[in-house]
1. Considering every residue within segment 117-134, establish whether at least one is part of a helix (DSSP H, G or I), aliphatic (A, V, I, L, M) and either in contact with a strand residue (DSSP E or B) (Cβ under 8 Å, 6 or more places away or on another chain) or exposed (fewer than 13 other Cβ atoms within 10 Å of the Cβ) (or both).
2. Mind listing whichever residues of segment 76-93 are modelled with pLDDT of 95 or more, outside any helix (DSSP H, G or I) and out of contact with any strand residue (DSSP E or B) (no Cβ under 8 Å at 6 or more places or on another chain)?
3. Here are L179, L184: which of them is among the hydrophobic types (A, V, I, L, M, F, W, C), without any contact (Cβ under 8 Å) to a residue 12 or more places away in the chain, under 24 Å from E289 (Cβ atoms) and not in a strand (DSSP E or B)?
4. For T286, only one of the following conditions fails: (1) buried (at least 16 other Cβ atoms within 10 Å of the Cβ); (2) out of contact with any Lys or Arg (no Cβ under 9 Å at 6 or more places or on another chain). What is its number?
5. Output yes when any residue across segment 225-245 is at pLDDT 95 or above and either among the basic types (K, R) or outside the structural domain of E165 (by TED's automatic domain parsing) (or both), and no when none is.
6. Suppose we filter P82, P68, P100 for residues that are out of contact with any Ser or Thr (no Cβ under 8 Å at 6 or more places or on another chain), loosely packed, with under 12 Cβ neighbours inside 10 Å and free of Cβ contacts under 8 Å to residues at least 60 places away in the same chain; which single one remains?
7. Out of all the residues in segment 195-244, which are closer than 16 Å to I260 by Cβ and small (G, A, S)?
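The values are calculated or read from the model by the stated rules, or taken from the named source; none is laboratory data. If you're wondering where the values come from, they're calculated on a predicted model, not measured in any experiment. Cβ sites come from the backbone with ideal geometry, for glycine too, and all protein chains shown count toward neighbours.
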Amino acid sequence: MKTISEKLRKQAEALTKKIEEKRRPMMQNPTPKRMREYQSRLHDADNLERCQRALRILAEGHDVSDLPNLLKDLRFTRDIQPLVRKGILGGGYYECIPDPDYRDKSPMATAMQNLIDRKGENPEQTKKRQIGLLEAKVQFNDIPGYFSTPASLADRLADLAQIEEGHSVLEPSAGKGNLVEAILRIGKTVTVDAVEPIHALRDILTAKGVNLVEHRIEELPANRMYDRIVMNPPFENLAYCEHILIAWSHLNPGGRLVAIIPGAGLDGDRRKLRELRDAISEEAITYIEKNLPDAFKQSGARVNTEILVLDKAAIAQEEPAKSWMLTETASDDPQLFT
């Protein structure tokens, strides 16, 4: 026969799937109304997590026979959830403003709330909530020229970078950190620096624990060098040419740079394109891979893109000529965002 604590823990575990569903990312276009609905979902998830925490605290209390008398008869989610619920102050049609205070002020509720507050919230849950809210705001703000790198494509770039233990890595246009996260998913012990000019995006990177350096790639000290550079530079007005040129100057001899560029992004006779080709030389181009046309569909962009891989010759060695290889890769992943 199951003990009271076992039954409480089973109910707590049953809430996990519901919480994850409430915290699912917002994949639709972020209209003001949808933003309000999204914030409301996160608020519901917070309430469910508090109930889950209460169930586990009660289970622990029964294990050691250390519970206030008021709480000893609590057995079911349906009875516990109202005790730890927080309401909504308002916000109207377009915003959901959570109430920082609990709704129920009864002695039993207060006793349960005190236990929850004393135990504290899981730091990972707090971090996840903060990041989710920051990312939703950025998605709603529609930053000009910013298109988040899909997770599947980010993983492909990180793989092509051939990152090894101890490498120093630069992401010079980090956005909300999808490429940085892909680099870290490789599982190598590396140092990753990120550059990002947009304050709202820097807030997300800070919440994720990313090591931010300068605001703009142009501000990097001339002697700051890296073994690998992985980047999704801005395309507008051929800005990617300048970004790749500057990044190339911060790449160590024997290093590799991997970048997303527009389709046929090295072709043409405009000055910036000529300068880029002259600086990197054809011998440095190791590989070009064409992405699917809709690779950035869920980021709001419909543009042909390629992955460019550049290798810098090692000191005192003649770099062998490399052939241009063109392939297609699938990056139409339904889970595009991280």
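1. Looking through segment 117-134, none of the residues is part of a helix (DSSP H, G or I), aliphatic (A, V, I, L, M) and either in contact with a strand residue (DSSP E or B) (Cβ under 8 Å, 6 or more places away or on another chain) or exposed (fewer than 13 other Cβ atoms within 10 Å of the Cβ) (or both).
2. Selection gives F76 alone.
3. L184
4. Of (1) buried (at least 16 other Cβ atoms within 10 Å of the Cβ); (2) out of contact with any Lys or Arg (no Cβ under 9 Å at 6 or more places or on another chain), only one is false for T286: (2).
5. Taking every residue of segment 225-245 in turn, at least one turns out to be at pLDDT 95 or above and either among the basic types (K, R) or outside the structural domain of E165 (by TED's automatic domain parsing) (or both).
6. Only one candidate qualifies: P100.
7. A239
Per-residue answers, yes or no, for (1) farther than 30 Å from L58 by Cα; (2) buried (at least 20 other Cβ atoms within 10 Å of the Cβ); (3) among the aliphatic types (A, V, I, L, M):
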| site | (1), (2), (3) |
| --- | --- |
| N114 | no, no, no |
| G145 | yes, no, no |
| S148 | yes, yes, no |
| R156 | yes, yes, no |
| E165 | yes, no, no |
| G187 | yes, no, no |
